[in-house]
Structure formats: structure tokens, C-alpha cells
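J.: Questions regarding the structure given below will be posed in turn.
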Amino acid sequence: MKIVRAYNAPTNVSIFMTTAEATFDRYSADSRPVYEALCAAEGLISIVTLHQVHSANVFRVSAANQLAVNDSDGDGLFTSEAGLAIGVRAADCYPVAIVGEHSIATVHCGWRGAVNGIINSAARLFQAEGDKPQYAYVGAGISCEAFEVKEDFIAEVSKLTNSAPYLVNNDGWHFDLKKFIVDRLRDIDVANIETADRCTFADPSFHSYRRDGAAAGRMLMVAYARR
């Protein structure tokens, strides 16, 4: 199974993202084999994921509650336990991993979750843990050039944030979601930000909902601290 790895992550942390060679649907009996294959390939016991709903909800997860949290409605996971793998799925939205001194979060940054503050939601959990985000990896997602938007999108986003720095008029309006995410990471003082710089819409080695519609699969980003 082909994967894309974060190369600048802290030495005790592993972050990787799958490609279109596999699809990771919402966890169920039918999707279980592909999750198990990935765990076997990466030496993991399990991967905690969520039923993603384009929210700003981030769950704290531990070995004690992982079965209860798994497949809950939300878009981010946070853990301070080494060896506990957490993941988010995406197919144009950006999967983001945030790493502190002893904690990790993974967040699903579609435009709704991003503008509604999912990165700040994760930052509050780091703060509550007495930790501070130091590194982030922004995986593959839709580029500004491919993310054309309409006036209703602009109006909705503008109610929640200053959209002007992220709108580009190039034969129609386009929204730079990656730039928006990177700026929000800078807002929470993440000093080291690594980006995959891969467009899921343009690159057929990734799934893309905008390109393929309902037939699109989902990639999975996974992060964990090694024991």
C-alpha cells in the first residue's frame, strides 16, 4: 500500500497518509479488512477514527476510552498516550497532524471545520494538557487553483472570518484553503509547519471528491508517538 510520509516530524513521531491505492471508508465490518491491512503493514494494533461531519469537535482519546470514541461524530482526535494511533479521512479536505512535546492531534480540515475553529479546538486540548503545539503536517488537499467557489460560499465564509486574504479571482473566484489552515496554525504559534504540497484534484494518485463525486474514496492520515 503506497503512502506519503511527513519527513520533518519529531523523531519519536510517525505521520503518514495513504493514497488512492486504497480507500478508507467510515469504519465498519465491511471496511475493517483495509484498516487491518494498514495496521499490519505499519506495525499498529489499531487506528482510532471518527464519523466525520465537518464540525469543529475534537475528542480526547486514550487506551481506556478508544472503543467508545471510535466512530463518534466529530472531526478531530487528541491523545497524550504513546503508541495510540489516531487518524482522519479526507478526499480534498486537508488532513492535519499537530504535535506537541507529549501530545498529538489529527484534524479533518474541510472549509467548514477550518473556518469554525477546529484548529483552535485542538489547541485548547494541548493547553489543558500543559502542552504546546510545536510542529504540524498539512497533508494533500485541494489546491487554490482547483477550489473554485461561488458567491454563496463567499458570503457564508465571510460571516465567520475575514475571507479576503484567501480569495483569488482567476476566471472565477477560488479559495486558498491550505493558506487559511497554515495561517490558523501560525495563530496558535506552531513554529514548524510542513506541507505535502500535493493537490488531490489534480493528482490522480489521490482520491478527490470534487473530481470524482460520490464515487470518490477516502485517504487516511495517521499519527502516533512511538513507544
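J.: Which one is surrounded by the fewest Cβ atoms within 10 Å (Cβ to Cβ) among residues in region 147-175 that are of a type outside the set (S, T, N, Q) and assigned to a loop (DSSP other than H, G, I, E, B)?
T.: 171
J.: Select from region 209-227 the residues that are assigned to a loop (DSSP other than H, G, I, E, B) and more than 24 Å from residue 71 (Cβ to Cβ) and write down the one among them that is modelled with the lowest pLDDT.
T.: Per the criteria, the residue is 227.
J.: Then there's this: Give the number of residues within region 176-200 that are surrounded by fewer than 20 Cβ atoms within 10 Å (Cβ to Cβ) and either aromatic (Phe, Trp, Tyr) or under 23 Å from residue 14 (Cβ atoms) (or both).
T.: So the answer is 9.
J.: Residue under question is residue 171, and the condition is that it be at pLDDT below 95 and more than 21 Å from residue 85 (Cα to Cα); does it hold?
T.: It is true that residue 171 is at pLDDT below 95 and more than 21 Å from residue 85 (Cα to Cα).
J.: Taking the stated definitions as given, is residue 19 at pLDDT 95 or above, under 22 Å from residue 130 (Cβ atoms) and among the polar types (S, T, N, Q)?
T.: It is false that residue 19 is at pLDDT 95 or above, under 22 Å from residue 130 (Cβ atoms) and among the polar types (S, T, N, Q).
J.: Report the residue count in region 40-49 for those that are touching a residue at least 40 places away in the same chain (Cβ under 8 Å), of a type outside the set (Gly, Ala, Ser) and either buried (at least 19 other Cβ atoms within 10 Å of the Cβ) or not in a loop (DSSP other than H, G, I, E, B) (or both).
T.: Final tally of qualifying residues: 3.
J.: I'd like the full set of residues that are within 15 Å of the chain's Cα centre (by Cα), β-branched (Val, Ile, Thr) and over 23 Å from residue 214 (Cα atoms), limited to region 4-54.
T.: Those that are within 15 Å of the chain's Cα centre (by Cα), β-branched (Val, Ile, Thr) and over 23 Å from residue 214 (Cα atoms): 4, 15, 47, 48.
J.: Can you name the condition, by its number, that residue 144 falls short on among (1) at positive phi; (2) without any contact (Cβ under 8 Å) to a residue 40 or more places away in the chain; (3) assigned to a loop (DSSP other than H, G, I, E, B)?
T.: Going through the list (1) at positive phi; (2) without any contact (Cβ under 8 Å) to a residue 40 or more places away in the chain; (3) assigned to a loop (DSSP other than H, G, I, E, B), residue 144 breaks only (1).
J.: Take the residues of region 73-84 that are over 11 Å from residue 97 (Cβ atoms) and among the aliphatic types (A, V, I, L, M): which is surrounded by the most Cβ atoms within 10 Å (Cβ to Cβ)?
T.: Step by step, filter region 73-84, then rank; the result is 84.
J.: Still on this structure, please answer the following. For region 22-34, how many residues meet the condition of being within 26 Å of residue 204 (Cβ to Cβ) and without any contact (Cβ under 8 Å) to a residue 40 or more places away in the chain?
T.: The qualifying residues number 4.
J.: Where residues in region 85-139 are among the acidic types (Asp, Glu) and over 19 Å from residue 51 (Cβ atoms), which of them is surrounded by the most Cβ atoms within 10 Å (Cβ to Cβ)?
T.: Among those residues, the one meeting the criterion is 131.
The values are calculated or read from the model by the stated rules, or taken from the named source; none is laboratory data. Since this is a predicted model, take the numbers as computed values, not measurements. Glycine also receives a Cβ, built like all others from the backbone with ideal geometry; neighbour counts cover every protein chain displayed.
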